[in-house]
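So the structure is just underneath, and the comments pick up after that.
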Amino acid sequence: MKPQIETKILSPLIGDSIPLPEYSTSGAAGMDIRACIEQTVILKARTGQIINAGFAISIRDANLCAILAPRSGLGIKHGIILSNNIGVIDSCYQGEIKVGLFNRSDVDFTINAGDRICQMLFMPVTQVSLNVIDEFSETTDRGTGGLGHTGIS
């Protein structure tokens, strides 16, 4: 059974001309979020802007969060990515979903009402407590090697 996420519509455009987020295919991991805007937005080259999604969710389960992820086609074909790479929607957040987009290309990009601008995935969360120690009880094969320690090839 799929978890039920309470969803509040905040814009009259949702449901009228812009659908709520939905899965494009039966195997899709993310739901498409659409631009909930009344007028076309020109996302200038090398700039960012926040686009409203027109709805809010209430997850209310500390074992779940929502992740906003870029759409690969927008990133690869047009240079449109999320301003912060991914967005994390905590289970306690109930405000409007807003999408920070960044145009990393040298060409302005047009966003129309209802355009799919990112995807929302629901992911499990494990909260932990940190146990401060002087030395790790076991060392791994990797140890402290990091940032390219295995090379490229």
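The numbers here are math on the coordinates, done by the rules we state, and not lab data. None of these values were measured; they are calculated from a predicted model. As a convention, Cβ positions derive from the backbone with ideal geometry for all residues, glycine included, and neighbour counts pool all protein chains shown.
With r as the distance between the Cβ atoms of THR47 and ASN112 and R0 = 30 Å, compute the FRET efficiency 1/(1 + (r/R0)^6) and round to 0.05.
It comes to 0.95.
Taking the Cα centre as origin and putting +1 on Lys and Arg beta-carbons and -1 on Asp and Glu beta-carbons, what dipole magnitude results for segment 6-124, to the nearest 20 debye?
320
Can you tell me the FRET efficiency between SER105 and ALA29 if r is taken as the Cβ-Cβ distance and R0 is 35 Å, rounded to the nearest 0.05?
0.85
What residue among VAL132, VAL107, VAL41 has the largest mean-square fluctuation in a Gaussian network model of the chain, using Cα springs under 10 Å?
Greatest mean-square fluctuation among the candidates belongs to VAL132.
For a quick check: sort HIS149, HIS78 by the number of other beta carbons within 10 angstrom, fewest at the front.
HIS149, HIS78
Can you sort CYS92, CYS65, CYS118, CYS36 from fewest to most other Cβ atoms within 10 Å of each residue's own Cβ?
In increasing order of surrounding Cβ atoms, one gets CYS92, CYS65, CYS36, CYS118.
Given a cut-off of under 8 Å on Cα pairs at least six residues apart, what relative contact order in percent is computed for segment 6-124?
Relative contact order for segment 6-124 comes out at 37 percent.
Let's test the formula: R0 of 35 Å, r as the Cβ-Cβ distance of THR40 and VAL125. What FRET efficiency results, to the nearest 0.05?
So the FRET efficiency works out to roughly 0.45.
Which of rounded, prolate, oblate describes segment 6-124, given a ≥ b ≥ c as roots of the alpha-carbon gyration tensor eigenvalues and a/c under 1.5 marking rounded, otherwise prolate only if a/b is larger than b/c?
Prolate.
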